[in-house]
1. Looking at the stretch 76-84, can you tell me whether even one residue there is assigned to a helix (DSSP H, G or I), over 20 Å from residue 135 (Cβ atoms), within 16 Å of the chain's Cα centre (by Cα) and of a type in the set (S, T, N, Q)?
2. Which of the residues belonging to the stretch 58-75 are open to solvent by 20 Å² or more (accessible area, probe 1.4 Å) and under 17 Å from the mean Cα position of the chain (by Cα)?
3. I need the full set of residues from the stretch 77-94 which are open to solvent by 60 Å² or more (accessible area, probe 1.4 Å) and within 18 Å of residue 63 (Cβ to Cβ), in order please.
4. Just to be sure, is residue 140 open to solvent by 90 Å² or more (accessible area, probe 1.4 Å), over 30 Å from residue 47 (Cα atoms) and modelled with pLDDT of 85 or more?
Amino acid sequence: ASPAGAGVPIRIAAPTGPSAKSSPGPQTAQASKQAVSPAAVSVSLANVKLAQQAYIRARSAEDGHDWRGAYEDLTQAAQLNPNNHEYPVRRDIDRGHVVQMYVDRAERDAISDRLPEARAELGAAIALDPTDATVRERWEELSNVDARVQMRAFENTNLAAEVELKPTAGVHDFDYKG
């Protein structure tokens, strides 16, 4: 039992081009937005409704500060209805919250001297938003610190006693072939 009109594609279009203006004179902000918006994509009524449901779930998740859940729901809504320009905008805002959540956890790990875990958190943030230069810079800083800590640990490790050489006088043969 499907709702009436389910599966029937609808086309949501905004007027574009110079003929979209109803009167001569300066364009309003709304009209100028419509003039530069890309052509609408055909979306079924069922997908529009599913996108609205995902959007409502996302807003509820935002109210509960569940940024990851909100991001996932808004990603779904934007895929189901690419004509709604609010979905990707809100999705990008929530993605920023998720990235910040990873960065905060990474800083807590770094302060607690858990550098590999901190780098993993920053790696997750970079995977979510590869364009964030600040997160990449912090990941490199922690990588350098982690390498120095490992080198210090290696230097402090007592692997074996020092090698003691006992040279003997005279001429000796050295066999390269073993």
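The values are calculated or read from the model by the stated rules, or taken from the named source; none is laboratory data. The model shown is predicted, which means the values in this text are computed figures rather than measured ones. Note that we place each Cβ from the backbone using ideal geometry, even for glycine, and neighbour counts take in every protein chain shown. Side chains are part of the model used for accessible areas, which takes the heavy atoms of the whole protein and leaves out ligands, DNA and RNA. Shrake-Rupley method; radii C 1.70, N 1.55, O 1.52, S 1.80 Å.
1. yes
2. Passing the criteria: 66, 67, 68, 71, 72, 73, 75.
3. 86, 89, 93
4. Criteria met by residue 140.
Residues checked against (1) loosely packed, with under 10 Cβ neighbours inside 10 Å; (2) at pLDDT 85 or above:
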position: 108; (1), (2): no, yes
position: 118; (1), (2): no, yes
position: 122; (1), (2): no, yes
position: 126; (1), (2): no, yes
position: 136; (1), (2): no, yes
position: 145; (1), (2): no, no
position: 160; (1), (2): yes, no
position: 177; (1), (2): yes, no
